[in-house]
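Worksheet: the structure to be examined is printed underneath.
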Amino acid sequence: MSETRAMIAVEERQRDPRPAKRTRRTEDPLLPKSGKNDAAAFWLYLIPGFVLLSVIIVVPLVWNVYLSFTSYRGIRPPEWIGLDNWIRLFGDEKFWLSFGNSIAMIIAMVVIPTLLGLALAAALFDLVGRKFGGKLASFLRATFYLPQILPIAVAAVVIGWILRADDGALNEMLRAVGLGDLAHNWLGSPDTALLSIMVVMVWVQLGYPVVIFMAALQRVDPELYEAAELDGANWFQRFRAITVSIIRPEIFVVTLTCTIAALKVFGPVYTLTRGGPGNATLVPSYYSFSEFFQTQQVGYGATIATALTIVIGVVAFFFIRAQNRAERAEREG
């Protein structure tokens, strides 16, 4: 009977052109009431986030900055020494060497992966996807991204086996093809240790820009490529005029995030070389770690960490400013 009445009501409603009377809305007691109390009610949902942000980020950051002005070995209370740690930092050759190695990491984790990732993403989207189908392009994209999901400790152990001096896979392959003279202690020699880590980081980092750029290319109208191809533009011309110009915001994002990751890189250096041989692969994050836990110079380690935080903040500021200027110029143009 209820279904019959419902059907009759629907038929009558369809025959009746008059709009239905608006019924009074019943408010859910679990939802905040509309009006001036809305903002206060919404702020309540932000409290857990603010608490976690304070406990995990703000409080440790403030404490770290305070320790940078103290002499502290982790046992007795910190002793205020003013700017002594900072004066020592600016005259520390190891500190500047570590930042020099960070520039090498930026090349390996930002410049090369971004350029290669941009070219690979365009090739997978514009060539492989069109000629062989989207499934093959997606499979290759996942293959490039695989190193990103591997735990860095596992990847470092595997890379350590490959680059081992005595019986590493790389040296064995060189001997097998008659190039035994090129066999080398790749991670144990100051001449090749940093270069070896750079190659590893290119392999690890490459999948991230490939995935981001391929996702960005989904919003590019395929007709643009077809029109350019009909006009006689080759692949490189289509890549430069269409791909790069349209996904410029994603290029800024990838460049910024990869630069931050390169400046604070720690895991590969810790697991592969521990900053050695000598200081050939020393980076600021590992230098700070060693001062904290190996030499127990907690105050000086905090100074290195604070300086690294300042550098990252400045880099992020200029990247965002450059991105805003580029977007503004594009809108005005």
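The values are calculated or read from the model by the stated rules, or taken from the named source; none is laboratory data. All of these numbers come straight from a predicted model, not from anything done at the bench. We place every Cβ from the backbone using ideal geometry, glycine too, and count neighbours over all the protein chains shown. Just the protein is used for accessible areas: all its heavy atoms, side chains included, with ligands, DNA and RNA removed. Shrake-Rupley method; radii C 1.70, N 1.55, O 1.52, S 1.80 Å.
Give region 187-223 a look and list any residue that's within 28 Å of R274 (Cα to Cα), assigned to a helix (DSSP H, G or I) and of a type in the set (G, A, S), or say none. I'd like the intermediate steps shown before the answer.
Step one: list which residues in region 187-223 are within 28 Å of R274 (Cα to Cα), which gives 187-209.
Subsequent filtering for residues that are assigned to a helix (DSSP H, G or I) retains 193-205, 207-209.
Scanning region 187-223 gives A193, S196, G207.
For region 265-287, which positions are under 21 Å from T309 (Cα atoms), assigned to a helix (DSSP H, G or I) and under 21 Å from the mean Cα position of the chain (by Cα)?
Keep residues of region 265-287 that are under 21 Å from T309 (Cα atoms), which gives 265-270, 275, 281-287.
Narrowing the set further to residues that are assigned to a helix (DSSP H, G or I) leaves 267-270, 284-287.
Selection gives G267, P268, V269, Y270, P284, S285, Y286.
With respect to being within 24 Å of G100 (Cβ to Cβ), in contact with a helix residue (DSSP H, G or I) (Cβ under 6 Å, 6 or more places away or on another chain), modelled with pLDDT of 85 or more and surrounded by 20 or more Cβ atoms within 10 Å (Cβ to Cβ), L256 falls outside the description.
Out of everything in region 203-227 that is surrounded by fewer than 17 Cβ atoms within 10 Å (Cβ to Cβ) and farther than 16 Å from G129 by Cα, what residue ends up being farthest from the chain's Cα centre (by Cα)? Once the filter is applied, the top-ranked residue is A227.
Against the criterion of being touching a residue at least 12 places away in the same chain (Cβ under 8 Å), part of a helix (DSSP H, G or I), of a type outside the set (S, T, N, Q) and touching a Phe, Trp or Tyr at 6+ places or on another chain (Cβ under 8 Å), F239 does not qualify. Residue-level analysis places V158 among those that are of a type in the set (A, V, I, L, M, F, W, C), at pLDDT below 90, surrounded by fewer than 16 Cβ atoms within 10 Å (Cβ to Cβ) and over 21 Å from the mean Cα position of the chain (by Cα).
Looking at the structure I just gave you, is G313 open to solvent by less than 60 Å² (accessible area, probe 1.4 Å), under 30 Å from G82 (Cβ atoms), assigned to a helix (DSSP H, G or I) and in contact with a strand residue (DSSP E or B) (Cβ under 6 Å, 6 or more places away or on another chain)? When the stated conditions are applied, G313 does not pass them.
Of all the criteria given as (1) buried (at least 21 other Cβ atoms within 10 Å of the Cβ); (2) touching a helix residue (DSSP H, G or I) at 6+ places or on another chain (Cβ under 8 Å), the one not satisfied by L182 is (1). Is it the case that some residue within region 317-328 is surrounded by 13 or more Cβ atoms within 10 Å (Cβ to Cβ), closer than 24 Å to D84 by Cα, in contact (Cβ under 8 Å) with a residue 40 or more places away in the chain and touching a helix residue (DSSP H, G or I) at 6+ places or on another chain (Cβ under 7 Å)? Within region 317-328 (the criterion being surrounded by 13 or more Cβ atoms within 10 Å (Cβ to Cβ), closer than 24 Å to D84 by Cα, in contact (Cβ under 8 Å) with a residue 40 or more places away in the chain and touching a helix residue (DSSP H, G or I) at 6+ places or on another chain (Cβ under 7 Å)), the answer is no, since none of the residues qualifies. The residues on offer are D166, D231, and the sole one that is farther than 22 Å from D126 by Cα, over 27 Å from the mean Cα position of the chain (by Cα), open to solvent by 30 Å² or more (accessible area, probe 1.4 Å) and modelled with pLDDT under 85 is D166. Among the residues of region 282-295, is any at pLDDT below 85, open to solvent by 60 Å² or more (accessible area, probe 1.4 Å) and either hydrophobic (A, V, I, L, M, F, W, C) or on the phi < 0 side of the Ramachandran plot (or both)? Among the residues of region 282-295, not one is at pLDDT below 85, open to solvent by 60 Å² or more (accessible area, probe 1.4 Å) and either hydrophobic (A, V, I, L, M, F, W, C) or on the phi < 0 side of the Ramachandran plot (or both), which makes the answer no.
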